[in-house]
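Undergrad: One structure, pasted below without further comment.
Laboratory data are not the source of any read-out in this text; all were calculated from the coordinates shown. As the structure is a computational prediction, the values presented were derived from the model and not from experiment. Positions of Cβ are backbone-derived with ideal geometry, glycine not excepted, and every protein chain shown enters the neighbour counts.
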Amino acid sequence: MLTLTKDQRNLLSKTVLQARDTGESGARKALHTLGVDDSDAPSHLSSEQRELRRALRAQARQLGDREDTQKPGTYSVLHLTEKIAYDKWHRMLFARFLAENNLLISPEHQVAVTLEECNDLAPELGLRDGWQIAAMFAAEMLPQIFRADDPSGQIVLAPEDRAALQHYVIDLPMDIFLSDDALGWVYQFWQEKRKDEVNRSEKKIGADELAPVTQLFTEDYMVLFLLHNTLGAWWAGKHKEKLKGLATEEECRKALALNGIEWTYLRFIKDEKTAEWIPAAGLFEDWPKTARDLRVLDPCMGSGHFLVFALPIIVAFRMEEERLSRQEACDSALQENLFGLELDMRCTQIGVFNLALKAWKMAGYRSLPQMNVACCGLGINASKEEWLQLANGDERLKTGLDKLYDLFRQAPILGSLINPSTIQTSKYRPQESDLFSASYAELRPLFEKALAKESQDDIMHEMAVTARGLAKAAELLANRYNLVATNVPYLGRGKQDDILKQYLETRYKLGKADLATAFVQRCLEFCVKGGSTALVTPQNWLFLTTYTKLRQMLLENRSWNIVARLGPKGFQTPMWDFNIQLGIITATPRLDDHNMTGIDVSAAKKPEEKAAMLCGDKPAEVVVLKQEEQLKNPDARVVFGESSRQQLLLKYADSYQGICTGDFSRFGRCFWELEHIDSKWKFQQTTVHGTTEVDGLFYVFFWENGSGEFHEYLNERLGENGHGAWVRGLETWGSRGVCISQTGALYASFYLGQAFDNNAAVIVAK
């Protein structure tokens, strides 16, 4: 497996950021030249350009761009600009990925061509340059990504903008395009600047902010650990005879290897009764008996990482069981076994391309079957009256459109949280419903007819495109799966906008404190009886009091398979330095004697060290735990090793959270920045980077005895009676205790009695 080096990631990050800036600048200029953002069309436009302008304005509206209320007919075209910039850059980028892997196919001759040969073909076909040829070939190879009737695809950037994008993609070294993880990083880098902007603004996260803020590339070892200990464990359970008499876990892994699949991260324990090796995560005996019947879903697909890694595993199974060729097994797996949902259309496209590229690398170029991948975050952006006009008198279609509108009207913020077994009313109270008089699969052809009928009406045509996409998403959302594997999005309740917050309160009350834990519940809903979830999640829900009822419910009503604590520094992305875990839970009631297993690699300081401890020459110990015993722990906390029967610290001490400033750059300073520290300022302790006696004493806070500028700021944001959510820990001031850093490895230092921020917690003895 080829992965990017740190230097290659840095170069790719820099290039993608430049490409987004150039692409968006070029798109704005091109749209303004056509007058898409203006109320009146420029007089110099030809009839074809005027037609394109109308189609682009219709698309802008469908994407969520709004007409300026002060200047009727004028549009902001923000979303349309972002879409065009993305499309122009990724057509080039995908073309080079294909070319460097000898997969850029001439549609006429059905042979692979190089970028140099594309340059030679350009004059012959009357096109500007080889890149236009390469992008055209790539688009024809990927009809599920690039719509043939997409008006954005007809936009022509200015020569200087087009040349800049070409240079960016040409200057990247070839090795990047041959790596197995480059596409996974591409989208994270594309959103990097936007993510920083949103985080700095401290605004509530809504539909436009959710994708960039929560997107996070999952490390290869995390994906492989979860797939090997689900799909691999299922395979091991079907072939237990191969494990008899073996001496080590490594021998077990080698005995089960097939068709190029090595179970690097598959862990084993000795069965208490037979003393034979069994998978540590269990046997998954309620799954189907054959691989052709397995259904695997990633509901937060991102760049398709889980599906790309699952594809060769399913292919190996089906080649072995059905004696299919690699190509037959690959196409069958895409058609019957693998499913993906994603909130962001652009990320969905990268996921589809990633999966297609993997399929072509595995078994050569050919037309691929339609993949079971959909964007579940498409915005309708029309009134219901306008939307229902798509039915054009067809009552069956009108019924479907009506239900589809109710279900997906908040899709850009809810995405895979939408459950088609219910319809949400305006107050988000679920009502049971069969949703449609016809199944989603039966409705999709009706939308194809709507597309054909409304092809002359730009606005209706774009709505029909959205309706077709949502019908496919609804079909996937309504299905049930044997394995649901993903890296859930992380977003605390304090950062959620009102729509998301209210929805989680109603639908996923036990997990509402974080989008991540709400997704734990949603992923279990996706499972058939006996199906399993395999998730990357924060670790805090395994022990924080906030999640006590969620833990109790899951420990009482579901069968836990395995928990691997990774701790901090599990990601190569520096900003994501918090405790995470890999967990597998099965949607069956637990038996009284059910065992779960645990692995702890949190002591390792780097992702590669954690990966090695999960499976290396000296792997971390697999601990066998009685699931029932976990319920007896205080607050049903998930504890490795013997359950604690000792008295709790709370008998002897109290703990407190600190002040949340909300705008530290305004109210906080390092103490050395001030020439004189008067009574308006309060010394403020913060987190430390290692356990030590005295540290974290850097800051002063503009407190003004709690009644000045900060007080007014809180009134504006929280109201006069809402300060308690942010102003905390004052009762400890003047006391001594222990200050605990709440991120990373929970480092400690002495607390000396001053104010402290919300990144720290203070323990004071009773």
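Undergrad: In the chain, with Lys and Arg counted as +1 and Asp and Glu as -1 at Cβ, which of these residues, Leu614, Ser383, Ser179, has the Cα nearest the positive end of the dipole, that is, farthest along it?
TA: Leu614
Undergrad: Let me have the 222 nm mean residue ellipticity of the chain computed from DSSP H runs of 4+ only, each contributing -39500 (n - 2.57), with the sum over all residues rounded to the nearest 500. Before the final figure, lay out each step's value.
TA: Details: 27 runs with 323 residues, N = 766.
The helix-only estimate for the chain comes to -13000 deg cm²/dmol at 222 nm.
Undergrad: Here's something else I'd like to know. Mind jotting down the three principal axis lengths of segment 650-765 based on Cα atoms? Whole angstrom, largest first.
TA: Taking the Cα atoms of segment 650-765, the three principal extents are 36, 35, 26 Å.
Undergrad: Place a point 7 Å from Cα of Thr5 in the direction of its Cβ. Which residues in segment 175-189 have their backbone N less than 15 Å from it?
TA: 175-179
Undergrad: Taking the Cα centre of each part, how many Å lie between segment 326-366 and segment 9-40?
TA: First find each Cα centre; the distance between them is then 29 Å.
Undergrad: Output wanted: per-residue J couplings in Hz (rounded whole) for segment 258-266, from phi through Karplus 6.51 cos²θ - 1.76 cosθ + 1.60, θ = phi - 60°, x for Gly and Pro.
TA: Per-residue couplings from phi come out as 7, 6, x, 8, 10, 7, 4, 9, 6 Hz.
Undergrad: Ordered by packing density, taken as the mean number of other Cβ atoms within 10 Å over each peptide's residues, highest first, how do 700-708, 500-508 rank? Don't skip to the end; give the middle numbers.
TA: Details: 700-708: 15.4, 500-508: 19.0.
The packing order, highest mean first, is 500-508, 700-708.
Undergrad: Considering the dipole of the chain built from charges on the beta carbon (Lys and Arg +1, Asp and Glu -1) around the Cα centre, which of Ala138, His723, Ala148 is farthest to its positive end?
TA: Most positive-ward Cα: His723.
Undergrad: Just to confirm my numbers, what's the Cα centroid distance between segment 130-171 and segment 67-86 in Å?
TA: 22
Undergrad: Suppose we take every Cα in the chain and form the convex hull; what volume per residue is that in Å³? Show your work: numbers first, answer last.
TA: Values: hull volume 145.1 nm³, N = 766.
Value for the chain: 189 Å³ per residue.
Undergrad: Return the long-range amide H neighbours of Gln581 (sequence gap of 5 or more, or a different chain), with a cut-off of under 5 Å between placed amide H atoms.
TA: HN-HN under 5 Å from Gln581: Thr537, Gln539, Leu566.
Undergrad: Along the three principal axes, how long is segment 6-179 when you take its alpha carbons, biggest first, rounded to the nearest angstrom?
TA: So the extents along the principal axes, rounded to whole Å, are 51, 40, 29.
Undergrad: 5 Å is the cut-off here: which amide hydrogens, built 1.01 Å from N in the peptide plane, fall below it relative to Val488, excluding neighbours closer than 5 in sequence?
TA: Here the answer is Val536, since their amide H atoms fall under 5 Å of that of Val488.
Undergrad: If you don't mind, another one. List the residues whose amide H sits under 5 Å from the amide H of Ala280, counting only those 5 or more places along or on another chain, with H placed 1.01 Å from N in the peptide plane.
TA: Hits under the 5 Å cutoff: Arg267, Phe268, Ile269.
Undergrad: Residue-wise, which Karplus ³J(HN,Hα) couplings in Hz belong to segment 619-629, taking 6.51 cos²θ - 1.76 cosθ + 1.60, θ = phi - 60°, and x for glycine or proline?
TA: Those phi angles translate into x, 5, 5, 8, 9, 8, 10, 7, 4, 4, 5 Hz.
Undergrad: Let me ask something additional. Which order results if Ile278, Ile584, Ile170 are arranged by neighbouring Cβ count within 10 Å, fewest first? Provide the component values of the computation, followed by the final result.
TA: Values: Ile278 19, Ile584 27, Ile170 11.
Taking fewest neighbouring Cβ atoms as first place, the list is Ile170, Ile278, Ile584.
Undergrad: A further question follows. Read phi for every residue in segment 219-236 and hand back ³J(HN,Hα) as whole Hz from Karplus 6.51 cos²θ - 1.76 cosθ + 1.60, θ = phi - 60°, with x for Gly and Pro.
TA: Listing the rounded values in order: 5, 3, 5, 5, 4, 5, 4, 5, 6, 5, 8, 10, 4, x, 5, 4, 5, 4 Hz.
Undergrad: Exposure proxy check: Asp293, Asp695, Asp298 ranked by fewest other beta carbons within 10 Å? Don't skip to the end; give the middle numbers.
TA: Details: Asp293 11, Asp695 19, Asp298 30.
Ranking Asp293, Asp695, Asp298 by Cβ neighbours within 10 Å, fewest first, gives Asp293, Asp695, Asp298.
Undergrad: Quick one: dipole size for the chain, taken about the Cα centre, charges +1 on Lys/Arg Cβ and -1 on Asp/Glu Cβ, in debye to the nearest 20.
TA: On the way: 89 positive and 104 negative charges, 349 e Å.
Dipole about the Cα centre, nearest 20: 1680 debye.
Undergrad: Right, here's the next one. Just name one of Leu746, Ser332, Ala636: the one whose Cα is farthest towards the positive end of the charge dipole of the chain (beta-carbon charges, Lys/Arg +1, Asp/Glu -1).
TA: Working it through, the farthest residue towards the positive pole turns out to be Ala636.
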